[in-house]
Amino acid sequence: MLDRKEIYLDNSATTRIREEALAVYNEVSREEYGNPSSLHELGFRAEKRLNEAKKTILGTLGAKDAAVVFTASGSEANNLAILGRAYAKERYKRGAKILTTEGEHASVSSPIARLHAEGYRVARIPTRGGLLDMDALERELTADVILVSMMMVNNETGALYDLRTVADRMKKRCPEAILHADATQSYLKVPFTKASVGADLITISSHKIEGPKGVGALIVSEAVLREKGLSALILGGGQEGGLRSGTENLPGACAFAEAARLARQEMDGNVEKMSSLRKLLLANLHNDPDLSAISPTEPPLCAPHILNITLPGIKSETMLHFLSSKGIYVSSGSACSSHSSHASSALIAFGRSEKEADCSIRISFSPRNEPSDVEALCEALKEGLGKLARTEKKR
């Protein structure tokens, strides 16, 4: 094993589990091994811990009028929100309309594509320059819309979308429609509450906030529950209020809640630190002549932890492997689509060309990163630009 410091800058793909969350995971696995559905003391104790975890997560969102449905991932939560809404009522199957944005994560765009193939109408709102096209939104908000599904923070560009305005316009134009916010990249990294964003459904994910992998959640408003506006996708024992059958991952849920509790406590400082690291990287890119050929993607409203950069004629995968050889870990885009041969739809939607998208890498920070990590990245980028540009020219 090489004797070097690892610099992890791929925190939008996943984060390292924090020790406190791992301790809770191990404790619950050992001590609270009962099934929350069992009608004996061990089952009652397990159910109590599960409900405490849900209460903690709702508290981080300031949400009292909602339920938590634990899932196995953020992707599953997105599928439950989208397909569950579309299949909730028989009348929706006769040409109901769904709105989303260009450049969504595959766990949103893929189920919506399936619904389109089944006869649902779909409209995609442009996001050029990292801004929602509100004029296009206004045109598409018609009475037949049943669902608007949009990410709060774009996982590749870091663009922060104004979902509050979307929610307000929905109430005026199509009040029966519900808003689903994919908050996977914004939860506890961008300040918001359920009320402030105006969403009826909110997707969150444990491993994006230093919790364990294999746990996600869909926050469902009480109004949606009352109106039976969401249908289960996984059938069986009727756990999670009948919306997600299967024995709950109690250790994962409790560890998720612990990671969320601590991240909420530390949020102000974490946001400030990640924002300062992003600004430091941007300053280096703008001011260092050796890095001036790199073009950063800078949306007007952005999350504090994501910066996408476009390299001058060097494929992202080539630079990714070069940086990896130096112990610096970044991403060539969404981890869920990294094996795809297609250019990033998010970068294309932002306004990058296919060639530029193919030469872009994503740097994503966590509160565990330091300014020295940024400096090391910049030095490695300079070395890589010199070496790899000559290699690309020879091809």
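Please treat every number below as a calculation from the coordinates, not as lab data. Here the structure is a predicted model, which is why all the values come from computation and not from measurement. For neighbour counting, all protein chains shown are included, and Cβ atoms are generated from backbone atoms with ideal geometry for every residue, glycine included.
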Mean projection area, nm², convex hull over Cα of the range 143-192: 3.5 nm²
Percent relative contact order of the chain, based on C-alpha pairs within less than 8 angstrom and at least six residues apart? 24 percent
Taking the convex hull of the Cα atoms, report for the range 62-189 its projected area averaged over all directions, in nm². 8.0 nm²
What does the extension gain come out to for Thr247 and Thr193, with contour length at 0.36 nm per residue minus their alpha carbon separation? 16.6 nm
Net charge of neighbours whose Cβ lies under 9 Å from the Cβ of Arg362, counting Lys and Arg as +1 and Asp and Glu as -1: -2
I need the GluC sites (Glu not before Pro) found in the range 211-282, filtered to DSSP loop residues with at most 10 other beta carbons within 10 Å of theirs. none
By how many nm would the segment from Lys279 to Lys48 grow when fully extended, if each residue of separation counts as 0.36 nm and the alpha-carbon distance is taken off? 78.8 nm
Counting other Cβ atoms within 10 Å, which GluC sites (Glu not before Pro) in the range 85-182 have at most 12 and lie in a DSSP loop? Glu118, Glu176
Around Ile125, with a cut-off of 11 angstrom between Cβ atoms, what is the net charge of the other residues, counting Lys and Arg +1 and Asp and Glu -1? -3
Assigned charges on the beta-carbon of Lys, Arg, Asp, Glu; the range 19-265 dipole about Cα centre (debye): 660 debye
Whole number please: convex hull volume per residue, Cα atoms of the chain, in Å³. 143 Å³
Express in whole angstrom the spacing between the alpha-carbon centres of the range 265-307 and the range 51-108. 31 Å
